[in-house]
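Please treat every number below as a calculation from the coordinates, not as lab data. Predicted model, so just to flag it, every value in this text is computed and none were measured. Ideal geometry is used to build each Cβ from the backbone, glycine not excepted, and the neighbour counts take in all protein chains shown.
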Amino acid sequence: MTTHHLFFSNELYDGQLERTLGAVYAGMADLGEAFAAAAQVGKPTPDSWYDAWSARAAVAEEQATATDQPAGRRDALLRASEYHRQSYFFLRHNLDDPRLLAAYQAHVDAFRAALPLLTWHTEQLSVPFENHELTAYFFAPDDSGAVRPTVIMPAGYDSTAEEGYAYIAAALDYGYNAVTFEGPGQGASLYRDRMYFRPDFAAVLSPVLDAALQLPQVDPAALVLFGRSMAGYLAPQAAAHDHRIAALVCDPAQPDLAAHIPGGIIGKVAGPVGALQMKLSDDRAEFLGSRMATHGCATLGDYLAELRSFTMIDVADKISCPTLIIECEGDFAGGNGQALADAMTAPVTLVHLTRAQGAGGHCAGLGQKVWESTVYPWIADVLSQQNSVVRS
């Protein structure tokens, strides 16, 4: 399989640059700034990455302060938020790194400063959860108070509720409300509260739905749950237990997070071999170490064992809503969509997006408009059919 590089030969860094380029669709990045930051990185290391993106965030913040035009300030703050998020990405193996904690807070602060300047209706939601409060945001296309279907989008393995805006801005354009939120292992729940990922994500989703359904703009019969990236496990697991969901979208479906861990003798040595790789490679140390941190695991062996508890295949038949599963060519986390479809009894649509369409890579990569043109017509059709059944 041919590997495509945008800028860096190192796939980890190149993939994260692509992620910021995708945020351009929602006004959370600028193409010129992003490539300028990439050039400033030089040979990518966690330190050079942090320095370059932090400097770019500082410039955007200066622009926000210098202008008295609301649109200009909004745009600069959104870009600063994304650049701060990007700056700490390769520091996440150490949750006590002061650069990580400061950059994460700057990411959140810039986003919240931009909220009143957005053209949408925006609110921060209060979601109590186990003596803490989850970070969640509600967006509506306008201030009319109209009752609408609502897209619910949890964060992924390494994203935040704030970054989630980059992936739900299209929902607002299509006339839907949207909620982005974090659970254990994500954003503030991890960095501030030290809550780690848990396999029973239904326990996390349910209070978020409770909070959303308190809002008069939310149609309780039209909740659409998105599971993108690691949420390709979280979302279907929750949908199997909370049947208030009217439609489910998974990209990619990850019904068993340990599916790619080999079994037998090879599986037994996976931990020691991986630990050795972490000692020999800074990239592997960060890649695996950051994941271990989100699960609260001190050793790679513990992490691999923990992943084996993240399986929902045995409850997939309890999902009651129509489900769209997307497999994108070349997605490193993909390949298990058919396994989830086979385990379900609810209606399933499995769609393959390709590089030739411009939607290859993780969660369609830079092909977000291709992704949206696949997903939103499907949602509209499902909700229309359900409304027709209710009326009849």
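Numbers below:
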read-out: From the coordinates shown, Cα extents along the principal axes in Å corresponds to which of [x] 68, 48, 47; [y] 92, 54, 35; [z] 64, 63, 48; value: [z]
read-out: Long-range amide H partners of Val151 with built H, under 5 Å; value: Asn177, Ala178, Val179, Val224
read-out: Helical mean residue ellipticity (222 nm; -39500 (n - 2.57) per DSSP H run of 4+; nearest 500) of the chain; value: -15000 deg cm²/dmol
read-out: Inter-site label distance for Asp47 and His352 at 7 Å from Cα along Cβ, in nm; value: 4.6
read-out: Packing rank of 181-194, 231-244, 319-332, where each peptide gets the mean count of other beta carbons within 10 Å, highest leading; value: 231-244, 181-194, 319-332
read-out: DSSP beta bridge pairing in the chain, given as percent antiparallel to the nearest 5; value: 40
